[in-house]
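Quick notes on the structure that follows.
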Amino acid sequence: MKEDLEKRIHTLAEWLYESRHLVVFTGAGISTESGLPDFRGPDGVWTRRDKGLPPKATGRSWDSVEPNRGHIAIVELQKMGKLKFLISQNVDNLHLKSGIDPDLLAELHGNMTKLRCTRCGKKLDRSVGRTICECGGRLVSSVVNFGEPLPEKDLRFSFEHSRKSDLFVVAGSSLVVTPAADMPLEALRSGARLVIINQGETPFDQRAHLRFDEAIGHVLPRAVKGLKRLMGLFE
Ligand SMILES: [Zn+2]
């Protein structure tokens, strides 16, 4: 653990306190702490593939995976009215499972538990077991495969909120996939503070105002606790 960790967490808590339009952006790194595989991290699926290694076995099914301290810290930010929007690259449903308001969430790569109507764009739970939407359109997996366009509405909201943000917190993404990686850039152009919590390098490290290489679960819950203290909310 780096010596100045406490100081950086305190700074993040202050920035959360001062923020008027907080946007959080999450990638696979937040879910690895729930036992799901990462893609680009030090032990990520792609990193290992590049070395000729198989993915690390998790030994768990998707259904049994639960939100972790990082997801819960983001829900706390929502409860305090601080979170204005959450953008996620994850398809694992853990943000919704943790209690995030669907109206505050953009799932750029879809959600493995949801179907999407090819005509009206409506999303339905996979468990309803239907193949045709009320509008007559066909229901397909909402997960966006490589090379497919990202969902239009999620993308539009993400860019709008990135532009409005004054504090943009990246948690667990290496920010290498566009257009997602353009969102912190939009935030920076609008004068937002950029905070990156990611184990492993990102192309934005030099431009980040605050950088954590520590686990999200070691940073975000403590920053939220600091925020509560600043807001006069005691646990
Ligand atoms: Zn429809």
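Output the residues belonging to segment 149-158 that are more than 16 Å from the ligand (Cβ to nearest atom), assigned to a helix (DSSP H, G or I) and surrounded by fewer than 16 Cβ atoms within 10 Å (Cβ to Cβ).
Restricting attention to segment 149-158, the residues satisfying the condition of being more than 16 Å from the ligand (Cβ to nearest atom) are 149-150, 154-158.
Filter once more, so that each one left must be assigned to a helix (DSSP H, G or I): 154-158.
The answer is Arg156, and nothing else.
Within the group Arg229, Arg189, Arg222, Arg211, which residue is in contact with a helix residue (DSSP H, G or I) (Cβ under 6 Å, 6 or more places away or on another chain) and open to solvent by 20 Å² or more (accessible area, probe 1.4 Å)?
Arg222
May I ask you to list the residues in segment 93-110 that are part of a helix (DSSP H, G or I) and open to solvent by less than 80 Å² (accessible area, probe 1.4 Å)?
Leu94, His95, Leu96, Ser98, Leu104
When Ala106 is evaluated against the numbered criteria (1) within 29 Å of Val176 (Cα to Cα); (2) of a type in the set (Gly, Ala, Ser); (3) within 16 Å of the ligand (Cβ to nearest atom), which criterion, by number, is the only one it fails?
Answer for Ala106: the failing condition is (3).
Can you tell me which of (1) surrounded by 15 or more Cβ atoms within 10 Å (Cβ to Cβ); (2) away from the ligand (no atom under 16 Å from the Cβ); (3) at pLDDT below 90 is the one Phe146 doesn't meet?
Failed condition: (1).
Could you count how many residues in segment 111-140 are in a strand (DSSP E or B) and either of a type in the set (A, V, I, L, M, F, W, C) or open to solvent by less than 60 Å² (accessible area, probe 1.4 Å) (or both)?
Let us first name the residues in segment 111-140 that are in a strand (DSSP E or B), namely 114-117, 123-125, 132, 138-140.
Add one more test, that the residue is either of a type in the set (A, V, I, L, M, F, W, C) or open to solvent by less than 60 Å² (accessible area, probe 1.4 Å) (or both), and what stays is 114-115, 117, 124, 132, 139-140.
So the answer is 7.
Name the residue, out of Asp125, Asp92, that is within 22 Å of Ser34 (Cβ to Cβ) and within 16 Å of the ligand (Cβ to nearest atom).
Asp125
The values are calculated or read from the model by the stated rules, or taken from the named source; none is laboratory data. In this text the structure is predicted, and so the values were computed from the model without any measurement. No Cβ is skipped: glycine too gets one built from the backbone with ideal geometry, and neighbour counts run over all protein chains shown. Please note that ligands, DNA and RNA were not included when accessible areas were found on the heavy atoms of the full protein model with its side chains. Shrake-Rupley method; radii C 1.70, N 1.55, O 1.52, S 1.80 Å.
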